[in-house]
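Remarks on the structure that follows.
The values are calculated or read from the model by the stated rules, or taken from the named source; none is laboratory data. Since this is a predicted model, take the numbers as computed values, not measurements. Note that we place each Cβ from the backbone using ideal geometry, even for glycine, and neighbour counts take in every protein chain shown. We work out accessible area using only protein heavy atoms, side chains counted, and drop any ligands, DNA or RNA first. Shrake-Rupley method; radii C 1.70, N 1.55, O 1.52, S 1.80 Å.
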Amino acid sequence: MDEDKPAVGTRLGELLLQKGIENAEIAPYEARIKYLVQEIRISEQEKEFLEQELSRQRELVQNLFERAVWELKKENYIDAMGILQAFLLHEPENTKAMINLAVAYSELGYHDRAVKLLQDVTAQEPDNGIAKRNLAILNETI
Amino acid sequence: MMTRYLVFANRKGGCGKTTTAVNVAHGLAMKGRKVLLIDLDSQAHATISIGKPSDLKHPGIFHLLKEEAALKNVIIQTHIEGVSLIPSSRELLKFESEFSSQRGSETLLSKKLSGDMSAFDYLIFDPPPTAGLLTISSLTAAREVYIPMQMHFLNLEGLAEMIRLIYTVSAEQNPNLRLAGVIPTFFNKNTRIAKEITEDIIKHLGEDKLFPGIRMNISLTEAPGHGKTIFEYAPGSTGASDYMDLTKKIDTAGWMKPAFAELTH
Ligand SMILES: Nc1ncnc2c1ncn2[C@@H]1O[C@H](COP(=O)(O)OP(=O)(O)OP(=O)(O)O)[C@@H](O)[C@H]1O
Ligand SMILES: [Mg+2]
């Protein structure tokens, strides 16, 4: 082959190299892998963010429960009621919160609501001693 | 036969994309294949070359992409048996300007064509001479890219850029896309520069990527003005024989394995 002076100045190989393509055969594989690695990184970041967000939400909900207990102890029944109602939106099956809300209800004079709530608890957990005892007390005070 | 999705693409204008799309479509039909030609250029040269003047008013690719018409209502049977057409029109400019900045628009076309295409052996896209939304859309919908290219030194940069674009689209949008080949157009194999570029393509892309060249032929220039393909207008011309050779090569190249394992997209 004549290696004299090529008529073409810049050759295809150099031009490809300038575009980051060293070997045209394997370049598409490299490009795809690079893209997938990037996608994995983005997915991992998103997963991490969502996990943090989730534990923050859980903490907030847990804080709600503790704040409600605190308000109950301070006999702020209205505040306790609001907080427990909010908490139960997140965890509608949480029987501890239901029992505490029943306390707030009965202290605020909502006798029927308190009874209904405690009945819901015993329907869910027939062996829940606290709920049964509180129900008995409520029924005595009619 | 599994439907093949071809695109003749190059950012460079006037390199023979439309001439190749139209004549390969007819060539394949002459071999008994069913072809759907999809005009993606607002200049509508493919529509003008193979269709009737009234096709420019027919609901076409613009209406399909804008969800104003269903696929079956935009497909026209051309005067050539075996060749159907989705026409284009100037309105397509509006699509490009309206959708270019919207994320994911480049997949609209491939989604529109994702249904049962088994009525066709070939889908052939004719994109505009840009690296814009419509060209990217065609690369996202196609599986085999052929780059028609005049063998000039200045076009090598464009070729390298097209290869990079193909690899990017295949990495990010369409793992089934592969560079199938380069088609020398306005080809004169006796010039030194053509020889060197040909060698360069073989060296860097592989021998199988170099497809039969199309010589400069006046009948090819004249045929579209008569609304005819080269096989109708000048069946005895070098243009007709070059395009028949190319057609055979493409048709027998068969369905080659995609760059990656089959993935849905
Ligand atoms: N081999 C050839 N010999 C002679 N004339 C040709 C040949 N190939 C194409 N032409 C003519 O050159 C012009 C440009 O070709 P064509 O329209 O196919 O290019 P294109 O790449 O589709 O252009 P655009 O970028 O504008 O879409 C047309 O007038 C066409 O008839
Ligand atoms: Mg064109």
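In table form, for the structure just shown:
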| read-out | value |
| --- | --- |
| Any hit, the range A:67-78, residues being more than 27 Å from the chain's Cα centre (by Cα), at pLDDT below 90 and open to solvent by 100 Å² or more (accessible area, probe 1.4 Å) | no |
| Residue among B:H45, B:H26 that is more than 10 Å from ligand 1 (Cβ to nearest atom), closer than 19 Å to B:P148 by Cα and open to solvent by 10 Å² or more (accessible area, probe 1.4 Å) | B:H26 |
| Pairs with Cβ under 7 Å, 6+ apart, first in the range B:29-44 and over 28 Å from B:K94 (Cβ atoms) and more than 14 Å from every other protein chain (Cβ to nearest Cβ), second open to solvent by 50 Å² or more (accessible area, probe 1.4 Å) and more than 13 Å from ligand 1 (Cβ to nearest atom) | B:A29/B:E81; B:K34/B:A119 |
| Selection count where residues are under 21 Å from B:A44 (Cβ atoms) and either within 14 Å of the chain's Cα centre (by Cα) or not in a helix (DSSP H, G or I) (or both), scope the range B:87-119 | 7 |
| Cβ-Cβ under 8 Å pairs, at least 6 apart or on other chains, the range A:110-130 side more than 17 Å from A:T141 (Cα to Cα), far side not in a helix (DSSP H, G or I) | A:V121/A:N128; A:T122/A:N128; A:Q124/A:E93 |
| Those residues of the range B:202-240 which are in contact (Cβ under 8 Å) with a residue 24 or more places away in the chain, within 14 Å of chain A (Cβ to nearest Cβ) and more than 18 Å from the chain's Cα centre (by Cα), in sequence order | B:L205, B:D208 |
| Breaking point among (1) in contact with a helix residue (DSSP H, G or I) (Cβ under 6 Å, 6 or more places away or on another chain); (2) open to solvent by 20 Å² or more (accessible area, probe 1.4 Å), for B:M216 | (1) |
| Which numbered condition B:G13 fails, given (1) within 12 Å of ligand 1 (Cβ to nearest atom); (2) crowded, with 22+ Cβ neighbours inside 10 Å; (3) of a type outside the set (D, E, K, R) | (2) |
| Selection status of B:Y122, of a type outside the set (G, A, S) and either within 14 Å of the chain's Cα centre (by Cα) or surrounded by fewer than 20 Cβ atoms within 10 Å (Cβ to Cβ) (or both) | yes |
